[in-house]
Each structure stands twice: as structure tokens, then as C-alpha cells.
Amino acid sequence: MTNKTSSPNIGVVVAVRGSVVDIRFDEHLPSIYSLLHAKEGSIAIEVLAQLDSHLVRGIALTPTQGLSRGSKVEDTGGPLKAPVGKEILSRIFDVFGNAIDKYPQPTNVQWRSVHHPPPLLVRRSTKSEIFETGIKL
């Protein structure tokens, strides 16, 4: 799900304001939409802005309890990804692509960035039809 580089890109938390986190990287600045992990992977942060040549601002995707100034943050080297394919139909997943419906994690799926561009308009259905949701009223 994540791409690890040969040497980890480690940053340090500069500020935490609710779910907004500022992180300083001295070696290599992560790109926008990169996924960062803090506190041994228990806190996930997505980069939303590069403030200067060493500072990024991200939004925490998990609670930031225990995260403080000076905490180490590791760049995963890739974006947040979700499973795609026929095997995920009728399944329930959390924001990180983990199955939460008490069935095993699907194995034969493709992982794509959640920021993947949508299908071209010519590949989308434009006909008027009933949209079946399976919800009974």
C-alpha cells in the first residue's frame, strides 16, 4: 500500500493545531498528497501544502492524541491509496483500504491513489436511469 524508499525521509513536527500539523523536513520535502506516518504508524497525515523549502502542512487522518512538537514523522513516499476492482464490490472499507466488514482482506485488487483523476466523460454513462442503491424505504 505504501512505497518505501531506500533511506527513510524523516521529519519533525513543528506545530499541531487540532488536525492540522506542520512538519519540517531537512533532507527532502514530500510532495503534495504524500502520506506521512507518526508515532510508529498510528497517526497518518496527508500533505496538503508546502509552506517553504523545508516545511509542509498536513491534515491528520487519525486522531492526533500524543502527537507533539519534536515527534518524528516518516514519509511513506506515496499517496493514500484505496483498493479498486470487482473484488471490492459489496464490501466495506475504512479510509485506508482495510476491510471492516468481518470478511478477509481482498487479495486480487489494484491499489490506486485516492486523488486519481476521474474517468473521461466519454467513458461515463450519460443516459437517464434508476440508480439502485439497495436501500429499502
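Which of the residues that make up the range 9-37 are over 18 Å from residue 66 (Cβ atoms), open to solvent by 50 Å² or more (accessible area, probe 1.4 Å), free of Cβ contacts under 8 Å to residues at least 60 places away in the same chain and within 19 Å of the chain's Cα centre (by Cα)?
31, 32 - these are the residues of the range 9-37 that are over 18 Å from residue 66 (Cβ atoms), open to solvent by 50 Å² or more (accessible area, probe 1.4 Å), free of Cβ contacts under 8 Å to residues at least 60 places away in the same chain and within 19 Å of the chain's Cα centre (by Cα).
Could you grab me the full set of residues in the range 45-59 that are without any contact (Cβ under 8 Å) to a residue 24 or more places away in the chain and part of a loop (DSSP other than H, G, I, E, B)?
Answer for the range 45-59, where residues must be without any contact (Cβ under 8 Å) to a residue 24 or more places away in the chain and part of a loop (DSSP other than H, G, I, E, B): just 52.
Just to be sure I understand the filter: pairs with C-beta atoms under 9 Å, separated by 6 or more residues or on different chains, first member in the range 120-137 and more than 21 Å from residue 90 (Cα to Cα) and free of Cβ contacts under 8 Å to residues at least 24 places away in the same chain, second member open to solvent by 100 Å² or more (accessible area, probe 1.4 Å) and part of a loop (DSSP other than H, G, I, E, B). Which pairs pass?
Pairs that qualify, where the first residue is more than 21 Å from residue 90 (Cα to Cα) and free of Cβ contacts under 8 Å to residues at least 24 places away in the same chain and the partner is open to solvent by 100 Å² or more (accessible area, probe 1.4 Å) and part of a loop (DSSP other than H, G, I, E, B): there are none.
Quick one: is residue 45 of a type in the set (A, V, I, L, M, F, W, C) and surrounded by 14 or more Cβ atoms within 10 Å (Cβ to Cβ)?
Here the answer is yes, as residue 45 does meet what is asked.
The values are calculated or read from the model by the stated rules, or taken from the named source; none is laboratory data. These numbers come from a predicted model, not from an experiment. Because the Cβ atoms are built from the backbone with ideal geometry, glycine has one as well, and the counts that use them run over all protein chains shown. Surface accessibility is based on the protein's heavy atoms, side chains included, excluding ligands, DNA and RNA. Shrake-Rupley method; radii C 1.70, N 1.55, O 1.52, S 1.80 Å.
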